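Below is one structure; the comments refer to it alone.
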Amino acid sequence: MAVDKNMNVLIVDDYKTMLRIIRNLLKQLGFNNVDEATDGSMALQMLRVGNYGLIISDWNMEPMTGLQLLREVRADAKLKSIPFIMVTAESKSENVIAAKEAGVSNYIVKPFNAETLKTKMSSVLGDFA
Amino acid sequence: MPAKGVDRDLSLRLDAVRREHGDTVRVDQVAEVVRAMLDTTSGDIDAGDLRLYREIESLADYIHAAKAEIAALRPGEIKNEFIASATDELDAIVGATEAATNEIMDSAEHLESLAPMMDAQVAERLTEITTRIFEACTFQDITGQRITKVVKMLKEIEGRVENLVKAFGSEMDAPKAEKAAPTCDEHLLNGPQLPSNAADQAEIDRLLASFD
């Protein structure tokens with residue numbers, strides 16, 4: 001099934017600059033419906049009222065981290081099937097394992113490039129041109 | 001004084017010091033208790049007590065020497081000047097790189113907005129180039145996180161130095177050693193000023209004009 005590039009994507013990061021970078025990269029990949037949150041709790045509120053097809057989240061944020069957000073999403077019957085990509089500078093294997101155990105769909109280590117973002121998005125959403 | 005009486009007196013004195021100062025007790029206060037206890041035992045000590053007395057005396061000498069060495073490091077100065085200055089400089093780096101990154105991205109977004117006005121091949125190439133610019137801008141997030149970690153470490157060191165200063169009392173705030181006279185124009189080499197201290201170009205121009 002073709003990927004719907006009109007889906008709503010939620011990006012979560014406490015660095016405004018990083019939100020802007022990811023938004024621009026998504027735009028270049030053809031995804032224009034992008035919302036932003038600056039921590040996990042804000043993201044959770046937006047997820048509960050919105051209709052999102054993909055979450056791209058940083059890990060290290062306050063007060064709610066990306067890992068906590070992931071656990072909340074996976075524990076919520078309405079949200080649990082939304083693909084969740086972690087984009088983080090946390091590159092220790094124990095971090096990746098913890099994220100995987102919490103149900104992460106894919107994991108991108110910062111710094112990253114557009115090709116990596118596209119590849120990881122394709123792996124969770126299906127191929128898109 | 002019988003040994004049990006000495007123990008009780010020592011216990012009472014230590015309790016009094018603890019009540020007054022909590023768990024952070026200055027070395028000179030400990031020395032005072034030891035001195036008082038030794039005074040109470042004078043004329044009533046045997047060979048074993050004398051060995052103990054010498055051990056305590058050498059311990060006191062050791063503590064005094066260590067205290068003098070730590071005071072020479074001027075921990076108050078480390079805390080108030082060096083660490084505070086280093087964290088300000090690091091915060092300024094984060095602010096400056098963030099501002100520069102946003103400027104770069106503004107320009108890249110403006111460039112990208114020109115793509116629809118170009119032929120398809122040129123527009124595609126332009127988009128590739130702006131993508132590279134956006135990718136490169138991720139450096140700011142990484143450097144920002146690394147610098148934040150360093151600032152946290154410096155704050156931790158600052159806290160420990162502060163505890164040291166508290167434990168040793170006001171003697172740690174010894175006057176600053178006179179710095180060696182700067183050679184040549186060394187005193188003018190201060191590096192970039194923090195934004196809060198820096199003069200802008202208009203101020204510089206006014207200053208220059210004031211010489212005319």
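The values are calculated or read from the model by the stated rules, or taken from the named source; none is laboratory data. These numbers come from a predicted model, not from an experiment. Every residue, glycine among them, receives a Cβ derived from its backbone with ideal geometry; neighbour counts consider all protein chains shown.
Numbers below:
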| item | result |
| --- | --- |
| Test: residue in region B:75-95 that is part of a helix (DSSP H, G or I), in contact with a Pro (Cβ under 9 Å, 6 or more places away or on another chain), small (Gly, Ala, Ser) and touching a residue at least 60 places away in the same chain (Cβ under 8 Å) | yes |
| Hey, A:Leu125 in contact (Cβ under 8 Å) with a residue 40 or more places away in the chain and over 24 Å from B:Thr130 (Cα atoms) or not | yes |
| Residues of region A:1-23 that turn out to be within 14 Å of chain B (Cβ to nearest Cβ) and either within 15 Å of the chain's Cα centre (by Cα) or more than 18 Å from A:Leu117 (Cβ to Cβ) (or both), as a count | 12 |
| Qualifying positions in region A:87-109 - within 14 Å of chain B (Cβ to nearest Cβ) and either in contact with a strand residue (DSSP E or B) (Cβ under 6 Å, 6 or more places away or on another chain) or under 16 Å from A:Gly40 (Cα atoms) (or both) | A:Val87, A:Thr88, A:Ser91, A:Ile108 |
| Residues located in region A:1-22, provided they are in contact with a Phe, Trp or Tyr (Cβ under 7 Å, 6 or more places away or on another chain) and in contact (Cβ under 8 Å) with a residue 40 or more places away in the chain | A:Val3, A:Lys5, A:Asn8, A:Val9, A:Leu10 |
| Condition check for A:Thr65: free of Cβ contacts under 8 Å to residues at least 40 places away in the same chain, more than 20 Å from A:Leu117 (Cβ to Cβ), of a type in the set (Val, Ile, Thr) and within 14 Å of chain B (Cβ to nearest Cβ) | yes |
| Qualifying residue in region A:49-57 (condition: within 14 Å of chain B (Cβ to nearest Cβ), under 16 Å from A:Thr88 (Cβ atoms) and free of Cβ contacts under 8 Å to residues at least 12 places away in the same chain) | no |
| Residues that are outside any helix (DSSP H, G or I) and within 14 Å of chain B (Cβ to nearest Cβ), drawn from region A:110-128 | A:Lys110, A:Pro111, A:Phe112, A:Asn113 |
| Test: residue in region A:60-69 that is over 20 Å from A:Leu125 (Cβ atoms), assigned to a helix (DSSP H, G or I) and not hydroxyl-bearing (Ser, Thr, Tyr) | yes |
| Identity of the residue in region B:103-162, within 11 Å of another protein chain (Cβ to nearest Cβ) and outside any helix (DSSP H, G or I), that ends up modelled with the lowest pLDDT | B:Thr138 |
| Hey, B:Ala120 over 20 Å from the mean Cα position of the chain (by Cα) and surrounded by 11 or more Cβ atoms within 10 Å (Cβ to Cβ) or not | no |
| Selected residue (criterion: surrounded by the most Cβ atoms within 10 Å (Cβ to Cβ)) from residues of region A:91-122 that are touching a residue at least 60 places away in the same chain (Cβ under 8 Å) and hydrophobic (A, V, I, L, M, F, W, C) | A:Met121 |
| Only one of A:Asp4, A:Asp14 that is closer than 23 Å to B:Glu109 by Cα and part of a loop (DSSP other than H, G, I, E, B) | A:Asp14 |
